[in-house]
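The values are calculated or read from the model by the stated rules, or taken from the named source; none is laboratory data. Fair warning: this is a prediction, and the values are worked out from it, not measured in the lab. Cβ: placed from backbone, ideal geometry, glycine included. Neighbour counts: every protein chain shown. The accessibility values were calculated without ligands, DNA or RNA, using every heavy atom of the protein model including side chains. Shrake-Rupley method; radii C 1.70, N 1.55, O 1.52, S 1.80 Å.
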Amino acid sequence: MIPIAKPLMGEEEKQAVIAVLESGQLAQGTKVQEFEERFAAFCGVKYAIATSSGTTALHTALLAHGIAPGDEVITAPFTFIASANSILFTGAKPIFVDIEADSYNINPTLIEERITLRTKAVLPVHLYGNPSDMEAIMEIADRHGLVVIEDACQAHGASIHGKKVGSFGTGCFSFYSTKNITTAEGGMITTNDDGVAERARMIRQHGMRKRYYHEVLGYNFRLTDIQAAIGLAQLGKLPEWTARRIENARYLTERLQNVLTPTVRDGYLHVFHQYTIRVKGDRDTAVKKLNAAGIGARIYYPLAVHQQLVYRQLGYQDSLPVAERISREVMSLPVHPALTLAELDMIVGEVNKL
Ligand SMILES: Cc1ncc(COP(=O)(O)O)c(C=O)c1O
């Protein structure tokens, strides 16, 4: 089976882990700090704060911006559930705005009609590695005095006219093992805001600035030095891996027939965490056929968030026709940097046979 994702771990990662194991400093320490500094520079922001996952990065970022019970946060319904759950964790309410039919990201033209006196933030998701329309979103947020938290968990290195995602608002990244770079589990918050950075650091560490003086309610959301050492090795390889993802995507797009291939806007750098197509007809059977032929095609995501049982039970009854339709039509194909030309040709052949 050609897997949908493949963590690439080399000698550099192994040696880095061994060095940390031998150092005696295993939990959050100097490697985490180095990883934060390198990641901040990579994104073009002042601060990066490492956390234990993308989910805890989102949760911490929302708390650091003061999002609390009674607040509303506007977000996209077509995403991994963590984007919206992190809003629930703070006691605030996710408000879903439908997506664009071409980018699959939140539709900025529909945001303003959902803004109320309770709205505190907008949380766009750069789905599959394709940036949301941040220029339009920032303009709306500025006009209404809203915080912007970018879910960049799938979009390391993606950019709009050269400006990296995670540098428009407060960014949140994931280093889960299928992501474009990985630390097995891990996350990062990026920000230019001194106060947000300071509060995020406290919240991930039981509300402490000074050891054992707890100023606010916090959590244990720390990354370890073992993970950060892997992250540092991975970050060095990210530009080359991203170039390969983009090249693989181009190869597929030039050859696939009778399917809708991903669209990328002028000036947008899509980093192809997923290469996602839409098929006419019975999508689920098509995925089964591809899997039987050895292609690890997967569906991200078969249900929009507001349709998930947990959200239905919370009383969500939204009708978001674009998100609902797209969730019935999409499938993702392997695009990761370890694919060989023969594997790419096999994917093309099997998809065109459908
Ligand atoms: C869009 C999106 N948001 C949030 C997350 C949560 O990240 P993690 O799995 O590291 O908690 C993920 C990844 O799984 C994701 O894809």
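Answer with yes or no whether Lys280 is more than 29 Å from Pro94 (Cβ to Cβ) and at pLDDT below 95.
Taking the combined requirement at face value, the residue satisfies it.
When residues of the range 266-290 are filtered for being more than 15 Å from Glu329 (Cα to Cα) and open to solvent by 80 Å² or more (accessible area, probe 1.4 Å), how many remain?
2
Just to be sure before I move on: is Ser319 polar (S, T, N, Q) and surrounded by 18 or more Cβ atoms within 10 Å (Cβ to Cβ) in the structure I sent?
Criteria not met by Ser319.
Among the residues of the range 275-316, what is the count of those that are free of Cβ contacts under 8 Å to residues at least 12 places away in the same chain and among the polar types (S, T, N, Q)?
The number of residues fulfilling the criteria is 2.
Evaluate the range 10-19: report whether one residue or more is modelled with pLDDT of 95 or more, at positive phi and either of a type outside the set (Lys, Arg) or open to solvent by less than 60 Å² (accessible area, probe 1.4 Å) (or both).
Checking the range 10-19: not a single residue is modelled with pLDDT of 95 or more, at positive phi and either of a type outside the set (Lys, Arg) or open to solvent by less than 60 Å² (accessible area, probe 1.4 Å) (or both).
If Gly267 satisfies all but one of (1) without any contact (Cβ under 8 Å) to a residue 60 or more places away in the chain; (2) touching a strand residue (DSSP E or B) at 6+ places or on another chain (Cβ under 9 Å); (3) over 17 Å from Arg245 (Cα atoms); (4) more than 16 Å from the ligand (Cβ to nearest atom), what's the number of the condition it fails?
(1)
Suppose we keep only residues that are farther than 15 Å from Pro77 by Cβ and over 19 Å from the mean Cα position of the chain (by Cα) within the range 291-314. Which one would you say is most open to solvent (accessible area, probe 1.4 Å)?
Gln313
Just checking, does the range 339-350 include any residue being open to solvent by 50 Å² or more (accessible area, probe 1.4 Å) and within 24 Å of the chain's Cα centre (by Cα)?
no
For the structure I just gave you, tell me whether Val125 is within 30 Å of Ile226 (Cβ to Cβ), in contact with a Ser or Thr (Cβ under 6 Å, 6 or more places away or on another chain), at pLDDT 95 or above and crowded, with 19+ Cβ neighbours inside 10 Å.
Criteria met by Val125.
Does the range 110-126 contain any residue that is within 13 Å of the ligand (Cβ to nearest atom) and among the hydrophobic types (A, V, I, L, M, F, W, C)?
Yes, there is a match, as at least one residue in the range 110-126 is within 13 Å of the ligand (Cβ to nearest atom) and among the hydrophobic types (A, V, I, L, M, F, W, C).
Does Glu254 count as charged (D, E, K, R), open to solvent by less than 80 Å² (accessible area, probe 1.4 Å) and assigned to a helix (DSSP H, G or I)?
no
Out of everything in the range 74-106 that is part of a loop (DSSP other than H, G, I, E, B), open to solvent by less than 10 Å² (accessible area, probe 1.4 Å) and aliphatic (A, V, I, L, M), what residue ends up being nearest to the ligand (Cβ to nearest atom)?
Ala76
Does any residue of the range 139-148 turn out to be within 12 Å of the ligand (Cβ to nearest atom), under 24 Å from Arg265 (Cβ atoms) and not small (Gly, Ala, Ser)?
No, because not a single residue in the range 139-148 is within 12 Å of the ligand (Cβ to nearest atom), under 24 Å from Arg265 (Cβ atoms) and not small (Gly, Ala, Ser).
Are any of the residues in the range 57-73 assigned to a strand (DSSP E or B) and of a type outside the set (Asp, Glu)?
Taking every residue of the range 57-73 in turn, at least one turns out to be assigned to a strand (DSSP E or B) and of a type outside the set (Asp, Glu).
Of all residues in the range 155-181 being β-branched (Val, Ile, Thr) and more than 10 Å from the ligand (Cβ to nearest atom), which is farthest from Thr55 (Cα to Cα)?
Ranking the candidates gives Ile160 first.
Being within 14 Å of the ligand (Cβ to nearest atom) and surrounded by fewer than 24 Cβ atoms within 10 Å (Cβ to Cβ) narrows it down to one residue among Ala184, Ala152, Ala136; which is it?
Just one listed residue meets the conditions, Ala184.
Out of the range 61-73, which residues are within 15 Å of the ligand (Cβ to nearest atom) and touching a Ser or Thr at 6+ places or on another chain (Cβ under 6 Å)?
Of everything in the range 61-73, those that are within 15 Å of the ligand (Cβ to nearest atom) and touching a Ser or Thr at 6+ places or on another chain (Cβ under 6 Å) turn out to be Ala61, Leu62.
In the set Thr119, Thr109, which member is over 23 Å from Glu198 (Cα atoms), open to solvent by 40 Å² or more (accessible area, probe 1.4 Å) and free of Cβ contacts under 8 Å to residues at least 60 places away in the same chain?
Exactly one of Thr119, Thr109 is over 23 Å from Glu198 (Cα atoms), open to solvent by 40 Å² or more (accessible area, probe 1.4 Å) and free of Cβ contacts under 8 Å to residues at least 60 places away in the same chain, namely Thr109.
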